[in-house]
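Asks: I'd like to ask some things about the structure below.
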Amino acid sequence: MSEAAGRGLSRRGFLNAVGAAAGVITVATIGETVGPLSRLSPLAPRRASVGPQHLPVNKSGAGARVEQSAVDPTYRLVVGSLSLSVGDLQSLPQHAAILPIACVEGWSAVGHWSGIRLRDLLDRAGIDHDRWVRVESLERSGLYVTSEVSPTHARDPLTLLALRLGGEPLALDHGYPCRLIGPNRPGVLQTKWVRRVVAL
Amino acid sequence: MRRLLFLPGVALIVWGFAGLFTTARHPRPLPWLTFFLGANVLTDAVVAPVVVVAGVVVARLVGARWRGYVTGGLIISGVVLLVGLPMARGYGLRSDNPSILPLDYTRGLALTLALVWVGVALVAVVSSVRERLLRPPRRSDHALKASTK
């Protein structure tokens, strides 16, 4: 910010100020994306370790109004012609994946998930490999009650309907009984409280 | 050279615009348009008048020597406030969700602003000292020194 002219902010000074503003905001909020830097960031809207099961959530079970439907003993996950209880889901082959919830709002936090591969379920239900599928939530209203999964994502071995997080059963806020978790998807499309998977 | 610098920017704009229509199964560019135009309207109707008033006030109150640094500090502070004030006010807090806004953002905002102005003061002092050292001595300075010896 050289002010040799002494008549207010020069063009270079203005550009420097804008650059400095971007730098300050980056440092003040980067902790919500890069966990180890969270102490540097007094203005991070999330902290990667704060939340149920040490992972942040944007929408709680209460906020989605699924407290009853998610723990209802008559709950069944419907995939095509299959209808599976929580016990049925637990008895299927389980797989693990380390994947982040990467929110479009900016925060990002990694979870250790385990559950059923989506492709295993689609195979059992006889859904073809080239189909898009739609994952539907128990949540009744909201912008993201369903999400669509491309054939590539649906068949990826890392794409799970997760039942567990960090070795524990999924907390209600994280989508109990099961939630979608896949690589390379924004957090809002990792549908929680899944009740149905439909081939499109 | 300046024209050359436009190229990557234009390429990014084209890429982003194409993405509106290619990344979703059912493209919905209308919400984007609302946001894009709305942001421009908001800037012109709200931000611009605030900046003009701030500029007038600074020009009245701050001497020419320090005006540039104060303006720079205000630009940074304005952006920090825009980001931090909604959090300090607790917009979006929910009693059933402890992961939303888990920190003390009033303190965070005060701390960030304090550091910004410490930084601005340092830059101002360092640059003015450097300017004084680099400036060729004027005749009157020589005369002054000679007379005090």
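The values are calculated or read from the model by the stated rules, or taken from the named source; none is laboratory data. Everything numeric here is computed off the predicted structure, so don't read it as measured data. Cβ coordinates were reconstructed from backbone atoms using ideal geometry, including for glycine residues, and neighbour counts include every protein chain displayed. Calculation scope for accessible area: heavy atoms of the full protein, side chains included, ligands and nucleic acids excluded. Shrake-Rupley method; radii C 1.70, N 1.55, O 1.52, S 1.80 Å.
Asks: Please list, in order along region A:193-200, the HN-Hα scalar couplings obtained from phi with the Karplus expression 6.51 cos²θ - 1.76 cosθ + 1.60 (θ = phi - 60°), rounded to whole Hz, x for Gly and Pro.
Replies: 6, 5, 10, 8, 10, 10, 7, 9
Asks: Can you list which of the DSSP-assigned H helices in chain B have a Cα extent of 18 Å or more along the long axis and an average Kyte-Doolittle score of at least 0.5?
Replies: Correct list, ordered by number: B:2-22, B:29-42, B:48-61, B:64-88, B:105-134.
Asks: Now for a separate question. What spacing in nm lies between the two simple spin-label points modelled at B:Arg107 and A:Glu168, each 7 Å away from Cα in the Cβ direction?
Replies: Each label point is offset 7 Å from its Cα along the Cβ direction, giving 2.6 nm.
Asks: Averaged across A:35-47, how many Cβ atoms of other chains sit within 10 Å of each residue's Cβ atom?
Replies: Rounded to a whole number, the mean comes out at 4.
Asks: Once you have a ≥ b ≥ c as the square roots of the Cα gyration tensor eigenvalues for region B:1-71, tell me rounded if a/c is under 1.5, and otherwise prolate or oblate according to whether a/b is larger than b/c.
Replies: Oblate, since a/c reaches 1.5 and b/c is not below a/b.
Asks: Now for a separate question. At 7 Å along the Cα-to-beta-carbon direction for both A:His54 and B:Ala64, put a label point, then send me their distance in nm to one decimal.
Replies: My value for the distance between the label points is 6.1 nm.
Asks: A further question on this structure: When the accessible area of the protein assembly as shown is computed with all protein chains present and a 1.4 Å probe, what percentage of it is carbon and sulfur?
Replies: Here it works out to 64 percent.
Asks: Find which of A:Trp107, B:Leu33, B:Gly63 sits farthest along the positive direction of the dipole of the protein assembly as shown, computed with +1 on the beta-carbon of Lys and Arg, -1 on that of Asp and Glu, about the Cα centre.
Replies: Towards the positive end, the residue furthest out is B:Gly63.
Asks: Related question: Give a residue-ordered list of calculated ³J(HN,Hα) values for region A:143-155 (Karplus: 6.51 cos²θ - 1.76 cosθ + 1.60, θ = phi - 60°; whole Hz; x for Gly, Pro).
Replies: 6, 10, 6, 9, 9, 9, 10, 5, x, 4, 5, 5, 9
Asks: Mind checking the per residue accessible area of chain B for me, 1.4 Å probe, whole number of Å²?
Replies: 77 Å²
Asks: Using R₀ = 41 Å, calculate the FRET efficiency as 1/(1 + (r/R₀)^6) where r is the Cβ-Cβ separation of A:Arg134 and B:Asn40; round to 0.05.
Replies: 0.70
Asks: Leaving out ligands, DNA and RNA, calculate the buried accessible area for the pair A and B with a 1.4 Å probe, summed over both sides, in Å² to the nearest 100.
Replies: It comes to approximately 2600 Å² buried between A and B.
Asks: Can you list the residues of region B:117-132 whose accessible area drops by at least 30 Å² going from the chain on its own to the full set of protein chains, with a 1.4 Å probe?
Replies: The answer is B:Glu131 - residues whose exposure falls by at least 30 Å² when every protein chain is included.
Asks: Right, next: At 222 nm, what helix-only mean residue ellipticity would chain A give, in deg cm²/dmol to the nearest 500, using -39500 (n - 2.57) for each DSSP H run of four or more?
Replies: -5000 deg cm²/dmol
Asks: Using only DSSP helix segments of four residues or longer, with each worth -39500 (n - 2.57), what per-residue ellipticity at 222 nm results for chain B after dividing by its residue count and rounding to 500?
Replies: For chain B, the value works out to -26000 deg cm²/dmol.
Asks: Can you figure out the FRET efficiency of B:Val47 with A:Ala62, using R₀ = 35 Å and their beta-carbon distance, to the nearest 0.05?
Replies: Step by step, r from the Cβ atoms, then E = 0.45.
Asks: Continuing with this model, one more query. What FRET efficiency comes out for B:Leu85 versus A:Ser10 if R0 is 30 angstrom and r is the Cβ-Cβ distance? Round to the nearest 0.05.
Replies: 0.55
Asks: Further question: Could you work out how far helix A:11-29 tilts from the main Cα principal axis of chain A, as a 0 to 90 degree angle to the nearest 10?
Replies: Tilt of helix A:11-29: around 40 degrees.
Asks: Also: Taking just the C-alpha trace of the protein assembly as shown, give me its Rg and Dmax in Å.
Replies: 27.5, 102
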